[in-house]
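Read the structure below first, then the notes.
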């Protein structure tokens, strides 16, 4: 329903039940639930802010969740599509790990690290990895064009390309991001670093 909300940060609220912000847009205050990490990155009250949102519609309630970066919002949506992972669990995971680190843990099948997030046990962590890894790697992936084979020649670039496509980025913008970023990396085969830097480039 809402891709993002852009306005003035009217309030920041931290409670035992979660982290919230209020965005004032033309005199209307939108209350948005967010992760602990994004809450810690909020600017001062009265600052201009843009929040990427998703509408959560339940039988007895309707509310907004939002994040400062589009990729974090998109990861949240994919994450909460895993059975057993609800809104609170998704926010807890993204409150413990930023989007890039969470993706890396899933791709590397590091379920023990995932259990550091509040409420995530071993079985759920393994389930998240099992379901989310396939979604990140295989969901809506456009085959790599033959003329781009030199760019997408390592496992790191292939994984990064697949993950970025699953997050909704277009083929050409991903190819450009990888081409720009990869030449600046100390180790082009480091999947985590390549993904992190591409996300930074695409969010500029």
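What to note about this one:
- One residue stands out in region 95-114 among those that are within 12 Å of the chain's Cα centre (by Cα) and assigned to a helix (DSSP H, G or I): the one that is modelled with the highest pLDDT, namely 95.
- Leading residue by the ranking (modelled with the lowest pLDDT) among those in region 30-55 that are assigned to a strand (DSSP E or B) and surrounded by fewer than 16 Cβ atoms within 10 Å (Cβ to Cβ): 55
- Hits in region 2-29 (condition: outside any strand (DSSP E or B) and under 18 Å from the mean Cα position of the chain (by Cα)): 2, 3
- Of the set (1) in a helix (DSSP H, G or I); (2) crowded, with 19+ Cβ neighbours inside 10 Å, all apply to residue 85 but (1).
- Residue check for residue 66: in contact with a strand residue (DSSP E or B) (Cβ under 6 Å, 6 or more places away or on another chain), modelled with pLDDT of 90 or more and either buried (at least 20 other Cβ atoms within 10 Å of the Cβ) or closer than 22 Å to residue 114 by Cα (or both): yes
- The residue list 117, 92 contains one member that is buried (at least 17 other Cβ atoms within 10 Å of the Cβ), not in a loop (DSSP other than H, G, I, E, B) and not assigned by TED's automatic domain parsing to the domain that holds residue 162, which is 92.
The values are calculated or read from the model by the stated rules, or taken from the named source; none is laboratory data. It should be emphasised that the depicted structure is a prediction, and the values quoted were computed from it without experimental measurement. Please note: Cβ atoms are built from the backbone with ideal geometry, for glycine as well, and neighbour counts cover all protein chains shown.
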